[in-house]
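Have a look at the structure below before the remarks.
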Amino acid sequence: MIKHKLVLRFPASLVEQPLIYRLVKDYDLMVNILRADINPRKEGRLVMEVSGREEKYQQALQWLRDQGLRITNLQQQVIWRSDRCTQCGACSVICPTGALAISRPSMAIRFYEDKCVACEHCIKACPARAMEIYLNNGE
Amino acid sequence: MGLERTYEEINEKIKSGKAVVLTAEEVLDLVEEKGIPAAAAEVDVVTTGTFGPMCSSGVFLNLGHPRPRIKITEAYLNGVRAGTGLAAVDIYLGATSLPPTDPGNRSYPGEFAYGGGHVIEDLVAGKEIRLEAHSYGTDCYPLKKIETKFRLAEINEATMFNPRNSYQNYNAAVNISEKTIYTYMGILKPDLGNANYSTSGQLSPLFNDPLLKTIGIGTRIFLGGGIGYVAWNGTQHNPEVERNPGGVPNYPAGTLAVIGDLKGMSPRWLRGLSFLGYGATLQVGLGIPIPILNEEIMAYTAVRDRDILTPVTDYSRSYPHREGGNLGMVSYAELNSGSITLNGRRVPTAPLSSIPGAREIALTLKDWIMSGRFLLSRPAAPLPSAGANITVKPLPQRK
Ligand code: SF4
Ligand code: SF4
């Protein structure tokens, strides 16, 4: 069993396709949608957690790419620039998943990458601009 | 009271490497274990720190003259407007200043990606800064426009002068309205979605000397990673507020005006910030050593988060419209725990002032003192405190 968080970007022409259904039905994958930005006139974006057998997972990725989707690993989407972070803690009440959380009693902020769903709320909420999005990684 | 110690005695011990210095956090265990008299006998200096957004901050720059000379009436540093109105090439860059092209809150909430605080950070980081300056031209200062670049090291003076820093206590901010609001206290989610606060509590300078018995005009401090001085009381200094039996104010009270040489400071402790929907500002690192002159001062520095209270204030209506009142008092121990209870509901809390940063400043200052690099200075004059009858006044509004 493997488990990956992925960001799928797809052209408007594919919005109507039953992509998730195929992943489940044809490739035996478990799909947990973390976030969906779908607009019939624009590029769509799905953030999801996918688990299943490695072999099937790779086949599914190939199939998605063949359909014209761009796929990136979620871990590479939002990064915490620890050198820019002033440890203010402001993001801790903004991050909906606890990916940015304060350790007590030190009050130091930590970024738990595995909990991040790339909602991007922290990007503009961080006054020191220590959170960055990477859009072009691993494509 | 028994023990008395003078500034001179403390400085002699610092010079001979024998001074006992603890941070305002470290001293708590000692006091708990041994009590005030024994701790006072042992400790010479307690160091404090704070690293929070401080809007009333900025730098005076003397740019030097170009050839021919110019009397600057309008100046932009990396596009950010600087204040003029002084002598020919003296300007003041304030932390919240913005480029005239910044859209502000026209596209709400505005991002305020680059402002005065960011220019100060770039200056102190040694980056090249773009200057554009205008003038009307005079016989003695003929030039009317200049565009050039410079670095901090290349100009004459860069004096940080912050009219109001190091607030002694500050409101915890909440939003009781139905929509998210964007404030200098950060993003406040609707319906008591979060409570933001901004002091370093038991580490904060003015909580450790609540009645300003040692901090005065001329006190040498850690400012922005370099050395600075207390210049005056800060603006909106408000010492006549309700205090706890330990003298600690329950509301925003004292403030400091501080000064120092920007050229000795560091971008680690002067950080440009962008508060969504509010504006740009500067995060300032500031630390003050408290000389343990006697047991009374020792007792002040033993203050704990659980004993420091602050009002929870609504920023959707009460604060902006100056309606007064609050939603209750909470302690910094509660605020630091991650949530407070308001009207029977759990409200998540977040600091805006970096507590790890404050701790590092107190430790750095301790290190400077222990290594003999930093001596304590006796104030040239005290600051007004409780009993001085100073209170903050609103602006008169009349035709
Ligand atoms: S808001 Fe930004 S600077 Fe503050 S703790 Fe979070 S990541 Fe760090
Ligand atoms: S992108 Fe969203 S989930 Fe990830 S750290 Fe930022 S706020 Fe948290």
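Could you work out the relative contact order of the range B:150-235, using alpha carbon pairs under 8 angstrom and six or more residues apart, expressed as a whole percent? The partial results should precede the final answer.
Values: 103 pairs, mean separation 19.9, N = 86.
That works out to 23 percent.
Would you mind getting the accessible area per residue of the range A:78-138, heavy atoms of the protein chains only, 1.4 Å probe, in Å²? Intermediate values should be presented prior to the final figure.
On the way: 2760 Å² over 61 residues.
Dividing the accessible area of the range A:78-138 by its residue count gives 45 Å².
What range in chain B is the longest one free of GluC sites (Glu not before Pro) that are in a loop by DSSP and have at most 14 other Cβ atoms within 10 angstrom? Could the numbers behind the result be given before it?
On the way: sites that count: B:128, B:178, B:242, B:323.
Excluding the exposed sites themselves, the longest stretch runs over B:1-127.
Summing +1 for each Lys or Arg and -1 for each Asp or Glu, what net charge is found among the other residues whose Cβ lies under 12 Å from the Cβ of residue A:127? List each step's numbers first, then the result.
On the way: positive: A:84, A:124, A:129, B:271; negative: B:111.
Result for the neighbourhood of residue A:127: +3.
For the pair residue B:148 and residue A:43, how long in nm is the line joining their label points, each one 7 Å along Cα→Cβ?
It is 4.5 nm.
Taking a probe of 1.4 Å and counting only protein heavy atoms, give the total accessible area buried between chains B and A in Å², rounded to the nearest 100. Could the numbers behind the result be given before it?
Working: alone 17420 and 8220 Å², together 23810 Å².
About 1800 Å² of accessible surface is lost on pairing.
Tell me which trypsin sites (Lys or Arg not before Pro) from the range A:8-63 have a DSSP coil assignment and no more than 11 other beta carbons within 10 Å of their own. Mind dumping the intermediate values first?
Numbers: sites: A:9, A:22, A:25, A:35, A:41, A:42, A:45, A:53, A:56; in loops: A:41, A:42, A:53.
The qualifying sites are A:41, A:42.
If you take each beta carbon of peptide A:89-102 and count the beta carbons of other chains within 10 angstrom, what is the mean?
Values: counts 13, 14, 3, 6, 15, 8, 0, 0, 0, 0, 0, 0, 1, 7.
Mean partner-chain Cβ count within 10 Å for A:89-102: 5.
Carbon-plus-sulfur fraction of the accessible area of the range A:1-75, 1.4 Å probe, in percent?
On the way: 2050 of 4340 Å².
Its accessible area is 47 percent carbon and sulfur atoms.
For chain A, just list the percent of Cα-Cα distances falling in each 5 Å bin from zero outward, please.
Reading upward from the zero bin: 2, 10, 18, 20, 16, 13, 10, 7, 4, 1, 0.
Under a crude label model (7 Å from the Cα following the beta-carbon direction), how far is residue B:90 from residue B:235 in nanometres?
That separation, rounded to one decimal, is 1.8 nm.
Over the range B:321-399, average the accessible area per residue using a 1.4 Å probe and give it in Å², no decimals.
Details: 4520 Å² over 79 residues.
I get 57 Å² per residue for this part.
How high is the relative contact order of chain B, in percent, counting Cα pairs under 8 Å that sit 6 or more residues apart? If you can, show how the numbers build up before the last one.
Details: 1075 pairs, mean separation 99.3, N = 399.
Normalised by residue count, the contact order of chain B is 25 percent.
With r as the distance between the Cβ atoms of residue A:114 and residue B:395 and R0 = 45 Å, compute the FRET efficiency 1/(1 + (r/R0)^6) and round to 0.05.
Values: r = 51 Å, r/R0 = 1.14.
Plugging the Cβ-Cβ distance into 1/(1 + (r/R0)^6) gives 0.30.
In the protein assembly as shown, what % of DSSP beta bridges are antiparallel (nearest 5)? Before the final figure, lay out the partial values.
Working: 95 of 105 bridges.
Percentage antiparallel, nearest 5: 90.
Would you list which aspartates and glutamates come within 15 Å of residue B:144, measuring only between C-alpha atoms, while excluding same-chain residues fewer than 8 positions from it?
B:74, B:132
If the limit is 19 Å between Cα atoms, which of B:15/B:366; B:18/B:366; B:127/B:263; B:189/B:393; B:127/B:366 go over it?
On the way: B:15/B:366 14 Å; B:18/B:366 13 Å; B:127/B:263 13 Å; B:189/B:393 30 Å; B:127/B:366 30 Å.
As for pairs spanning more than 19 Å Cα to Cα, those are B:189/B:393; B:127/B:366.
Can you tell me, using C-alpha contacts under 8 Å and at least 6 residues apart, the relative contact order of chain A as a whole percent? Intermediate results must be reported in sequence, preceding the final value.
Working: 241 pairs, mean separation 34.1, N = 139.
Relative contact order of chain A: 25 percent.
With a Förster radius of 35 Å, plug the Cβ-Cβ distance of residue A:104 and residue B:8 into 1/(1 + (r/R0)^6) and report the FRET value to the nearest 0.05.
Values: r = 41 Å, r/R0 = 1.18.
Working from the Cβ atoms, E equals 0.25.
Send over the per residue convex hull volume for the range A:25-90, Cα only, as a whole number of Å³.
Numbers: hull volume 10.3 nm³, N = 66.
Taking only Cα atoms, the range A:25-90 has a hull volume of 155 Å³ per residue.
Carbon and sulfur atoms: what percent of the 1.4 Å accessible area of the range B:260-316 do they account for? Provide the component values of the computation, followed by the final result.
Values: 610 of 1290 Å².
Carbon and sulfur atoms account for 47 percent of the accessible area of the range B:260-316.
In square nanometres and to one decimal, what's the mean projected area of the convex hull around the Cα atoms of the protein assembly as shown? Could you put the intermediate results ahead of the total?
Numbers: hull surface 129.2 nm².
For the protein assembly as shown, averaging the hull's shadow over all directions gives 32.3 nm².
Within the set of other residues whose C-beta is less than 11 Å from the C-beta of residue B:141, count the net charge using Lys and Arg as +1 and Asp and Glu as -1. Don't jump to the answer; show the numbers that get you there.
On the way: positive: B:69, B:71, B:144; negative: B:139.
Combined, the nearby Lys, Arg, Asp and Glu give +2.
At what distance in nm do the modelled label points of residue A:33 and residue B:73 sit from each other, each positioned 7 Å from its Cα along Cα→Cβ?
It is 6.2 nm.
How large is the accessible surface of residue A:66 in square angstrom, using a 1.4 angstrom probe and rounding to the nearest 10?
The accessible area of residue A:66 comes to roughly 110 Å².
The values are calculated or read from the model by the stated rules, or taken from the named source; none is laboratory data. As the structure is a prediction and not an experimental result, all values here were calculated from the model. Neighbour counts run over all protein chains shown; Cβ positions are idealised from the backbone, glycine included. Accessible surface areas use protein heavy atoms only, side chains included; no ligands, DNA or RNA. Shrake-Rupley method; radii C 1.70, N 1.55, O 1.52, S 1.80 Å.
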